[in-house]
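The values are calculated or read from the model by the stated rules, or taken from the named source; none is laboratory data. What you see is a predicted model; the values in this text were computed from it and never measured. For neighbour counting, all protein chains shown are included, and Cβ atoms are generated from backbone atoms with ideal geometry for every residue, glycine included.
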Amino acid sequence: MNQFEESSQVQHHNEIQHQMKVEVLETEQQMVIMKMLKPKIYKDGNKWCVLYGENIQDGVVGFGDTPIKAIIDFNISFNKR
């Protein structure tokens, strides 16, 4: 392996590490509202539901195929209000 190939691999590794750190920070930001409001998270049929309030019609709600996707959808709904 020459010096150029080694440098390129190091740069690629650093880029991957940076992207992973960005993803961790984004996930942490998604969880801030969850920690503050403590909404209900439950399976509703084949989807996950995050609900803050008494019911889906009056509360803030998010749905997704996974809990994190439901949280992201909830955060979008929350921020629209």
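Listed by first and then second residue, the pairs linking a residue in segment 27-43 that is under 12 Å from Asn75 (Cβ atoms) to a residue that is assigned to a helix (DSSP H, G or I), with Cβ atoms under 7 Å apart and 6 or more places separating them unless they lie on different chains, are Gln30/Ile71; Gln30/Ile72; Gln30/Asn75; Ile33/Asn75; Ile33/Phe78; Met34/Ile71; Pro39/Phe74. Taken residue by residue, segment 13-34 has no member that is part of a loop (DSSP other than H, G, I, E, B) and either exposed (fewer than 15 other Cβ atoms within 10 Å of the Cβ) or modelled with pLDDT of 95 or more (or both). What is the residue count in segment 47-69 for residues that are within 13 Å of Gln30 (Cα to Cα) and in contact with an Asp or Glu (Cβ under 9 Å, 6 or more places away or on another chain)? Number of matching residues: 2. Would you confirm whether or not segment 49-66 contains a residue that is loosely packed, with under 12 Cβ neighbours inside 10 Å and assigned to a helix (DSSP H, G or I)? Scanning segment 49-66 turns up no residue that is loosely packed, with under 12 Cβ neighbours inside 10 Å and assigned to a helix (DSSP H, G or I). When the residues of segment 37-48 are filtered to those that are in a strand (DSSP E or B) and modelled with pLDDT of 95 or more, the one that is surrounded by the most Cβ atoms within 10 Å (Cβ to Cβ) is Trp48.
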